[in-house]
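Colleague: One structure is given below, represented as structure tokens, and several questions about it will come after.
The values are calculated or read from the model by the stated rules, or taken from the named source; none is laboratory data. Please read these numbers as outputs of a predicted model, since none were measured by experiment. Positions of Cβ are backbone-derived with ideal geometry, glycine not excepted, and every protein chain shown enters the neighbour counts. Calculation scope for accessible area: heavy atoms of the full protein, side chains included, ligands and nucleic acids excluded. Shrake-Rupley method; radii C 1.70, N 1.55, O 1.52, S 1.80 Å.
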Amino acid sequence: MEELLLNVDSVASRTKSVKPNVHVENIKRKTKIYNSYFIQQLKKPSHAYNQGESEFTSSLVSIILFTALVTISLFLFSNNLNWSDSQGFLSFFMESFLLTFFIIGLVIFSSFLISSFFGPQYSFKVIISFYGGQLSAPIVLVTVSIFLMLVKSFSYGNAILAISLVFSLFILPLYIISFLLAKKPSGVDPLYGFVLYIATFTVLMILFVTIVGNSKMIEYFNNINHLF
């Protein structure tokens, strides 16, 4: 009986030791879901228009991931440009990440306002899902940009980073606006919808720069301007 009890205890202890960690398994499950979402959106970005708010979490992850990668790429570029007086990574990352994230937020908010007044009146979460769903290709481009900068190929890395920024901040919003205005046209012609979007984004950007302060924004835009 003693030997049997010892065997039972040994089996129980081994069972406990191999019991999967709930948090680790949850992270693996969410990572697998996002990987599937990322690949799906990379193959067919317009699929985001069919999913709506159901893909909000994955879209938000894409926006955050894109912002983080852009910030890292900007740091590598800035560090090479000002190698003798380079800023620490953490302070540069936090400041540039927040500024880039808020600029993307202004793009999304401007699209939401145009949709609310002249389009199908989607919710803010849906607009985020539409925007984040188109970022798989830019994420790949920025990742390539980081790799090129790490191997000291700054010319090609800068060019790819510039293309991804122009696409994400200027071309992509207009593409989304064209979808929103064509989905449920109002009395306003889509051309004027584009103009209204640009005007709305410009006004919000001026207000944002005024609130944040000229010095930080000038330094931030100087880093971006050198890309071109």
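Colleague: Taking helices (runs of 4 or more DSSP H) that fall entirely within the range 21-119, which contain at least 2 residues that are basic (Lys, Arg) and more than 26 Å from residue 199 (Cα to Cα)?
Modeller: The qualifying helices (runs of 4 or more DSSP H) are 22-43.
Colleague: For the range 103-144, how many residues meet the condition of being open to solvent by 10 Å² or more (accessible area, probe 1.4 Å), small (Gly, Ala, Ser) and within 15 Å of the chain's Cα centre (by Cα)?
Modeller: Here the count works out to 2.
Colleague: Now for a separate question. Would you confirm whether or not the range 77-96 contains a residue that is under 15 Å from the mean Cα position of the chain (by Cα), at pLDDT 90 or above and open to solvent by less than 60 Å² (accessible area, probe 1.4 Å)?
Modeller: Taking every residue of the range 77-96 in turn, none turns out to be under 15 Å from the mean Cα position of the chain (by Cα), at pLDDT 90 or above and open to solvent by less than 60 Å² (accessible area, probe 1.4 Å).
Colleague: Could you go through the range 186-207 and let me know if any residue there is within 22 Å of the chain's Cα centre (by Cα), modelled with pLDDT under 85 and under 21 Å from residue 97 (Cβ atoms).
Modeller: Checked against the condition, which is being within 22 Å of the chain's Cα centre (by Cα), modelled with pLDDT under 85 and under 21 Å from residue 97 (Cβ atoms), the range 186-207 yields no hits at all.
Colleague: OK, next. Name the pairs whose Cβ atoms lie under 8 Å apart, with the first residue in the range 94-121 and under 28 Å from residue 161 (Cα atoms), the second outside any helix (DSSP H, G or I) and not β-branched (Val, Ile, Thr), and 6 or more positions between them or separate chains?
Modeller: Once the first residue is under 28 Å from residue 161 (Cα atoms) and sits in the range 94-121, its partners that are outside any helix (DSSP H, G or I) and not β-branched (Val, Ile, Thr) give 112/122.
Colleague: Quick one: count up the residues across the range 145-192 that are assigned to a helix (DSSP H, G or I) and either open to solvent by 60 Å² or more (accessible area, probe 1.4 Å) or more than 24 Å from residue 79 (Cβ to Cβ) (or both).
Modeller: 23
Colleague: Mind listing whichever residues of the range 121-143 are more than 11 Å from residue 49 (Cβ to Cβ) and either outside any helix (DSSP H, G or I) or of a type in the set (D, E, K, R) (or both)?
Modeller: 121, 123, 125, 135
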